[in-house]
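Student: What follows is a structure written as structure tokens; I'll ask about it next.
The values are calculated or read from the model by the stated rules, or taken from the named source; none is laboratory data. Treat the numbers as computed from the prediction; the structure is a model and nothing was measured. Reconstructed Cβ throughout: ideal geometry from the backbone, glycine too, with neighbour counts over all protein chains shown. The area values use the complete protein model at the heavy-atom level, side chains included, leaving out ligands, DNA and RNA. Shrake-Rupley method; radii C 1.70, N 1.55, O 1.52, S 1.80 Å.
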Amino acid sequence: MLRILGYPVYNLWINATGWLFSGLLIMVFEPVLAGWKRAALSILPGAAFAIRWGVIDIPTVNALNIQGMTVWGMSILWGGSFVLSILFTATLVEIFAVDSKNRWSIPWLNTD
């Protein structure tokens, strides 16, 4: 397992994706929620971390904790987790890039 100063590298993309996903949820739901529903914005970071755990962390947890997991099996699970993180980050770049035709909209929801 690749480590930098004793810290596992896979934690970098797992933890960063949680914060990015939290910001995306707030950006998407902030214009929609009004009045008393606005308080729901406070639970979105927790929801983002729960979703991130289910989608991106589970392959890594399985890779680390399944007894008898082969090295290539661990690599596939870590790679899958990393690919999901990259796809999510690429979506964020498409949303916020200055020269993007999908700026401030979610590309895979845009029907134009």
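Student: Is at least one residue of the stretch 67-84 at pLDDT below 80, in a loop (DSSP other than H, G, I, E, B) and open to solvent by 50 Å² or more (accessible area, probe 1.4 Å)?
Tutor: No, the stretch 67-84 contains no residue that is at pLDDT below 80, in a loop (DSSP other than H, G, I, E, B) and open to solvent by 50 Å² or more (accessible area, probe 1.4 Å).
Student: Same structure again: Could you check the stretch 29-60 and list, in sequence order, the residues that are open to solvent by 50 Å² or more (accessible area, probe 1.4 Å), part of a helix (DSSP H, G or I) and either in contact with a Gly (Cβ under 8 Å, 6 or more places away or on another chain) or hydrophobic (A, V, I, L, M, F, W, C) (or both)?
Tutor: Hits for the stretch 29-60 are 29, 36, 39, 43, 49, 50, 51, 53, 55, 58.
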